[in-house]
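In what follows, a single structure is set out as structure tokens and then discussed.
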Amino acid sequence: MTHGQTPSDADWRRALTRFVTVIPHTRELGLEVLEVTPEGTTMRLPWCDDLLGDSARELVHGGVLAMLLDTVCGSAVLPALPAPEVCPTLDLRVDHFRPAVAGRAIFAEARVVRVTESVVFTEGTLWQETGRPLARGIGNFVRLGPRNTPQGFAEALFAEENDHA
């Protein structure tokens, strides 16, 4: 991507992949960015034993689901803004519908519902089986704006693999 050019969906997919590999826990868990479009962001968390919260019943820890919703909703915020800016989580509500079970990847999808000057409103869904949601998340993110976003944030997101940004 050249300077001043609008990022494509593929540019955003690479940028959000870079974003989730900078966060230690999402990197260690192998979180994958599958798709980024104006309509939303989709991710996949592959199965690993570290996700277990109840080993007797082989159920995923609820905190994993909250982390995944926070990450996918927060990631959906970036392409929805005129320019990338830091937007920390203001609040996150998680509605658990059914437990996530051991041995299966967890898929996450989020979309931006509304963008204001100060807050970005999102909603996300998790599933292991299509049509059977595990949880729904409503995430709101504070816009810090250009003044409070570190210089070079956008450039670091979109740096080419061989750049040293």
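The values are calculated or read from the model by the stated rules, or taken from the named source; none is laboratory data. Being a predicted model, the structure only gives us computed values, none of them experimental. Quick reminder, even Gly has a Cβ in these numbers, built from the backbone with ideal geometry, and neighbours come from all protein chains shown.
Below is a table of values for the structure above.
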item: Any chance LEU78 is touching a Cys at 6+ places or on another chain (Cβ under 8 Å), surrounded by 13 or more Cβ atoms within 10 Å (Cβ to Cβ), aliphatic (A, V, I, L, M) and not in a strand (DSSP E or B); result: yes
item: Scan of region 106-118 for residues that are surrounded by 15 or more Cβ atoms within 10 Å (Cβ to Cβ) and among the small types (Gly, Ala, Ser), ordered by number; result: ALA108, ALA110
item: Residue under evaluation ARG98, criteria (1) of a type outside the set (A, V, I, L, M, F, W, C); (2) touching a His at 6+ places or on another chain (Cβ under 9 Å); (3) assigned to a loop (DSSP other than H, G, I, E, B), criterion not met; result: (2)
item: Unique residue being modelled with pLDDT of 95 or more and more than 11 Å from the chain's Cα centre (by Cα) when the list is ALA83, ALA105, ALA76; result: ALA105
item: Evaluation of THR71 against (1) in contact (Cβ under 8 Å) with a residue 24 or more places away in the chain; (2) within 17 Å of VAL101 (Cβ to Cβ) (one fails), failing number; result: (2)
item: Number of positions in region 1-44 that are more than 24 Å from VAL64 (Cα to Cα), in contact with a Phe, Trp or Tyr (Cβ under 9 Å, 6 or more places away or on another chain) and surrounded by fewer than 18 Cβ atoms within 10 Å (Cβ to Cβ); result: 3
